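Read the structure below first, then the notes.
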Amino acid sequence: VTLVTWYKNLQNFISDSGVQFWNMVPMHSLVSNGSSTNSCLSDVGLVAQSAVEYVVYVLNDASVTVDLSGLSGTKNYRLFDPQTNVWGDPQVVTGGAMRTFNKPAGTSDWVIYIGNGGPTQTCSNPESTATVALGAGTLPAVAVDSQGNVHVIYLGGGAVQYKMYNSA
C-alpha cells in the first residue's frame, strides 16, 4: 500500500465513521500494548454517554483488550482495515468491563471504531466516499509531519477545524 493510498483510506475512515476527533484525547492505557504498539483515542468522560466514541489502532496484535469500564450500556462497533479501506460488519459491544476484539482475517494493522457513526453498509469502493471541496483542497484532510505528528483538517460545528495530534 502506498502512502497516498493509506492517507486516502484514513480520509475515508474519518468521513465514513463521522468520528469527532476534536472531542477526543489520547487514552492509550485503555488498550492492551497501549503506547507501545497500539493506541487509543477516546472522549469517554468528556462527552455524554450517548456520544462516546473510541478509535483504537492496532499495529499487528491478533487480539487486543479495550477497557470499556467508562462506558455504560451497549455501543455499536466496526472493525476497519486501513490498507484495503474495508469495514467489517456492524456489531454490538457491552461497556462496563474489559472487552476483547479479534483481528479481521487477512489484515496486518487494523482499527476498532466504537461509536454511533460508521457507514450504513460495508464500504469496499474507495470512490464512494463523499468529500467536500474547499478551494484547491478536500476535507477531511490528514497529513503527517517529519516529527510524526498527525495534522487533521475537518468540518465541525459548521466551521473548518484543525487539530494536531502529538506523536508522543
Identify the residues of segment 58-102 with backbone N under 14 Å of a label point that sits 7 angstrom from the Cα of residue 29 along the Cα-to-Cβ direction, or state none.
-> 67-70
Carbon/sulfur accessible area of segment 4-90, % of total, 1.4 Å probe, equals 55
Kindly provide the pair-distance distribution of segment 1-79 built from C-alpha pairs, with 10 Å bins from 0 and whole-percent values in order of increasing distance.
-> 17, 47, 32, 4
Given 73-82, 60-69, the highest-first ranking by average Cβ count within 10 Å works out to 73-82, 60-69
Quick one: which residues, 5+ away or cross-chain, put their amide H under 5 Å from the amide H of residue 117? H built at 1.01 Å from N.
-> none
Treating only Lys and Arg (+1) and Asp and Glu (-1) as charged, each at its beta carbon, one finds that segment 1-126 has a dipole about its Cα centre, in Debye to the nearest 20, of 60
Full-extension gain in nm, residue 150 to residue 49, via 0.36 nm per residue minus C-alpha separation | 33.7 nm
Sorted on mean Cβ neighbours within 10 Å (highest first), peptides 9-19, 42-52 come out as 9-19, 42-52
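The values are calculated or read from the model by the stated rules, or taken from the named source; none is laboratory data. It should be emphasised that the depicted structure is a prediction, and the values quoted were computed from it without experimental measurement. Every residue, glycine among them, receives a Cβ derived from its backbone with ideal geometry; neighbour counts consider all protein chains shown. These area figures cover heavy atoms from the full protein model, side chains too; ligands, DNA and RNA do not enter into them. Shrake-Rupley method; radii C 1.70, N 1.55, O 1.52, S 1.80 Å.
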